[in-house]
Amino acid sequence: MQRNTIRKLLDIPAYKVVGVDCREEDIHVWLKPYKRNRAVCSGCGKVHAQGYHSTKEVIVRDLSLGKRRTYLHVLKRMCRCIEDDRLHVEEIGWLKLWSRVTKRYGEEIYRLTSITTNKEAGWFLGMDDEVVYRIDRDILEEKAAEKLDPIPSALNISVDEVSYLKYHRYLTNVIDTDRKLVIWNAKGRKAEVLDRYYNGVGEEACKKMESVALDGARTYISSTGRHAVNALIVYDKFHVFQKLNNTVDAVRKDELQKAKKNGDDQTVELTNCRQRFVLLKNKSKLTEKQDQHLKTLCQINEPIYKAMLLKEDFLQVYAQENIEQAKEHLKNWIEQAAASSLKAFQALAISFSDKAQYILNWFIKRISSAISEGFNNKIKRLKRMAYGYRDVEYFKLKIHQHCGLLNPRLAT
Ligand SMILES: [Zn+2]
């Protein structure tokens with residue numbers, strides 16, 4: 001009776017329960033295949049007429065029954081394969097060949113690791129995080145083979161780099177901006193890296209591409225120009241702002257250095273690293289205190305005042321009604337920045353002048369900066385979750401799991 005109930009609860013077809021040991025924290029169930037369930041040889045995938053050679057027991061973790069961790073002792077049959085005359089263990093549909101967990105339990109782990117760290121998942125499941133890592137990686141690899149091969153193409157994409165480890169190692173990510181999902185990634189950020197994506201999806205798919213948003217990197221621009229010949233290249237607004245903010249920050253750092261040298265304590269206090277957000281934040285989002293802080297800073301420090309004016313003025317490019325007006329505004333801004341005494345802004349003027357067309361293309365295809373921003377935030381979060389980044393292949397898969405096609409929440 002008890003065995004029958006447990007067999008129903010487990011719901012594993014063609015196996016009978018031959019033993020149950022219910023302990024305080026866990027439950028062990030011994031399973032044996034019914035005779036009519038013929039062993040499939042894992043060597044060749046066939047059922048051999050002469051039956052099986054011997055049996056062995058493997059212990060695998062399954063979904064918990066009630067509060068108890070469940071372990072299945074599965075009797076596996078060994079077949080002598082007529083193809084290669086070697087002994088092979090049988091193939092079982094609900095169990096991967098060498099796995100220590102059932103497929104359905106693997107799925108459970110995979111859902112958990114898509115929302116939390118392996119360490120926490122391990123704690124929750126009562127499993128070593130190294131084991132969670134191995135299972136997770138294994139499942140991700142399998143799903144990647146299923147969903148990321150052949151390389152998915154898209155009409156509108158965004159190309160974004162993310163750093164991993166320290167010392168500036170990068171991954172290139174391709175995002176489908178319509179579906180807001182990462183569809184491809186690879187190590188490095190050279191033109192050849194992105195070439196691999198375009199070559200992977202093929203000439204036809206490249207020709208169909210309508211827009212490519214990118215971070216202004218020359219390498220990505222040149223690769224895109226060569227492959228996605230009909231696509232509009234847009235310098236992503238999010239990255240334009242990032243570049244602008246970095247330039248403001250460069251001015252702040254210069255002024256901080258100078259102030260330190262001159263013993264100007266007030267400026268040091270107002271420009272130190274902790275205060276940098278006052279300069280980088282959107283002006284309308286400053287608190288009253290921050291606003292006051294900014295006003296004082298602008299009063300006592302001319303370069304920062306100038307930098308802030310240039311920043312505010314640049315933002316007006318995007319507020320223009322049409323591309324012609326924006327072009328005019330941008331042109332004037334570049335002249336001003338180039339003529340300013342700020343080295344960082346002079347450099348930015350050259351860079352933006354070079355890429356003016358891509359900045360202005362935003363008026364033709366208004367790709368939301370929220371896509372890049374959202375992606376960058378997710379990556380930051382993923383990095384904080386501190387996976388084994390030494391394993392870059394795993395990190396690539398984790399990006400797909402958290403931001404792309406391998407996300408379990410996408411599945412119906
Ligand atoms: Zn065989």
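The values are calculated or read from the model by the stated rules, or taken from the named source; none is laboratory data. Everything quoted here is computed from the prediction, not taken from an experiment. Cβ atoms come from the backbone with ideal geometry, glycine included; neighbour counts cover every protein chain shown.
Before moving on, here are some points about what is shown:
- Any chance residue 284 is at negative phi, of a type in the set (Ser, Thr, Tyr) and not in a helix (DSSP H, G or I): no
- Some residue of the range 26-43 being surrounded by fewer than 16 Cβ atoms within 10 Å (Cβ to Cβ) and touching a residue at least 24 places away in the same chain (Cβ under 8 Å): no
- Residues satisfying the stated conditions in the range 77-108, i.e. more than 16 Å from the ligand (Cβ to nearest atom) and among the charged types (D, E, K, R): 96, 100, 103, 104, 107, 108
- Leading residue by the ranking (modelled with the highest pLDDT) among those in the range 46-58 that are loosely packed, with under 11 Cβ neighbours inside 10 Å and within 12 Å of the ligand (Cβ to nearest atom): 49
- Residues (of a type in the set (Ser, Thr, Tyr) and in a strand (DSSP E or B)) located in the range 156-176: 158, 163, 164, 170, 172
- Among the criteria (1) within 40 Å of the chain's Cα centre (by Cα); (2) over 15 Å from residue 102 (Cα atoms); (3) more than 12 Å from the ligand (Cβ to nearest atom); (4) exposed (fewer than 14 other Cβ atoms within 10 Å of the Cβ), the one residue 68 does not fulfil is (4).
- Taking the range 245-267 as the range and being surrounded by fewer than 17 Cβ atoms within 10 Å (Cβ to Cβ), more than 38 Å from the chain's Cα centre (by Cα) and part of a helix (DSSP H, G or I) as the test, the residues that pass are 258, 260, 261, 262, 265, 266.
- Residue in the range 2-13 that is away from the ligand (no atom under 16 Å from the Cβ), among the hydroxyl-bearing types (Ser, Thr, Tyr) and modelled with pLDDT of 95 or more present: no
- Of all residues in the range 111-136 being within 25 Å of residue 31 (Cα to Cα) and not β-branched (Val, Ile, Thr), the one that is farthest from the ligand (Cβ to nearest atom): 126
- Each residue in the range 366-385 was checked for being at pLDDT below 90 and over 13 Å from the mean Cα position of the chain (by Cα), and 4 pass.
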